[in-house]
Amino acid sequence: MEKRIKLLIANDSAEFRSDAGRVFENSGLEVSYAPKDGMKLLEKIETASPDVVLSNLFMPRLDGIGVMKAVRSKIPEHQPMFIIISNFTSPTLEREVMMSGASYFAIAPFDAADLSDRILQLCSMNGMQLPKTQQASSGEEPSLKIQVTEILHQIGVPAHIKGYHYLRDSIIMAIETPDIINAVTKQLYPGVAKRYGTTASRVERAIRHAIEVAWDRGDVDVLNSYFGYTIHNTRGKPTNSEFIAMISDRLRLHMKTA
């Protein structure tokens, strides 16, 4: 019988199980649940020995950071991978969570399908055997959506802002239809706006804001690797179209040489 990756989620509400929980299960993960309580989550980790724990940062009795520290102390022989969720973030808080042992920091509300893809990608990077269904669907190369998501995370675009989703869709559209980068205002923004039931001007503003946030909080070395010429001249951050074009061009070239 195929061994599946065991995911323990610190949220046992019926609504979560039927919505996000079902998405995780459909991705091939073996899902179990614990109450949104740090001490009860710790007890469940000890008995269930999960591969991955999806936990809120703020919980009664013991927070997510406390749970990670307790696991290292109480069960050093079994160290699951932690995904920490919070509906509030700051560069300082995110740094503390990651330094405390988390593999990923997610902002609520999150897209369960995106987070499921991210969990499977992290599991693969950590040498865990993915379910056959996931291997068949992903092949040897990560999906385009996952690749774009990974780049946006590296650059420092936070996943909880609207511009993040608009940027990801814009980059994918530019990869699939390269000429659209020459018609950003007439085709690309309206195309993204239609998907989200908003306006082209709001898409443009949200993407500009996402780039500004990345420039304020992103890793300088990563930004330099993607946008060196912009960082080193007097123009500052790239424009929306430059940002989308540079990321889509890099990924398109990678796909051609892969």
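Which of the residues spanning the range 6-15 are more than 18 Å from GLN121 (Cα to Cα) and open to solvent by less than 30 Å² (accessible area, probe 1.4 Å)?
ALA10, ASN11
Would you confirm whether or not the range 39-56 contains a residue that is touching a Phe, Trp or Tyr at 6+ places or on another chain (Cβ under 7 Å), of a type outside the set (A, V, I, L, M) and either exposed (fewer than 15 other Cβ atoms within 10 Å of the Cβ) or closer than 25 Å to MET99 by Cβ (or both)?
yes
Got a sec? Which of LYS145, LYS186 is open to solvent by 20 Å² or more (accessible area, probe 1.4 Å), at pLDDT 90 or above and outside any loop (DSSP other than H, G, I, E, B)?
Being open to solvent by 20 Å² or more (accessible area, probe 1.4 Å), at pLDDT 90 or above and outside any loop (DSSP other than H, G, I, E, B) holds for just one of LYS145, LYS186, which is LYS186.
Of the conditions (1) over 20 Å from ILE5 (Cβ atoms); (2) touching a strand residue (DSSP E or B) at 6+ places or on another chain (Cβ under 8 Å); (3) open to solvent by less than 40 Å² (accessible area, probe 1.4 Å), ILE85 clears all except one; give me its number.
(1)
When the residues of the range 16-38 are narrowed to those that are open to solvent by 70 Å² or more (accessible area, probe 1.4 Å), out of contact with any Ser or Thr (no Cβ under 9 Å at 6 or more places or on another chain) and not acidic (Asp, Glu), which ends up nearest to LEU122 (Cα to Cα)?
Filtering the range 16-38 for residues that are open to solvent by 70 Å² or more (accessible area, probe 1.4 Å), out of contact with any Ser or Thr (no Cβ under 9 Å at 6 or more places or on another chain) and not acidic (Asp, Glu), the one nearest to LEU122 (Cα to Cα) comes out as ARG22.
State whether the residues of the range 85-98 include one that is of a type outside the set (Phe, Trp, Tyr) and modelled with pLDDT of 90 or more.
Yes - at least one qualifying residue is present in the range 85-98.
The values are calculated or read from the model by the stated rules, or taken from the named source; none is laboratory data. It should be emphasised that the depicted structure is a prediction, and the values quoted were computed from it without experimental measurement. Don't worry about glycine lacking a Cβ; one is built from the backbone with ideal geometry, like all the others, and counts go over all protein chains shown. Surface accessibility is based on the protein's heavy atoms, side chains included, excluding ligands, DNA and RNA. Shrake-Rupley method; radii C 1.70, N 1.55, O 1.52, S 1.80 Å.
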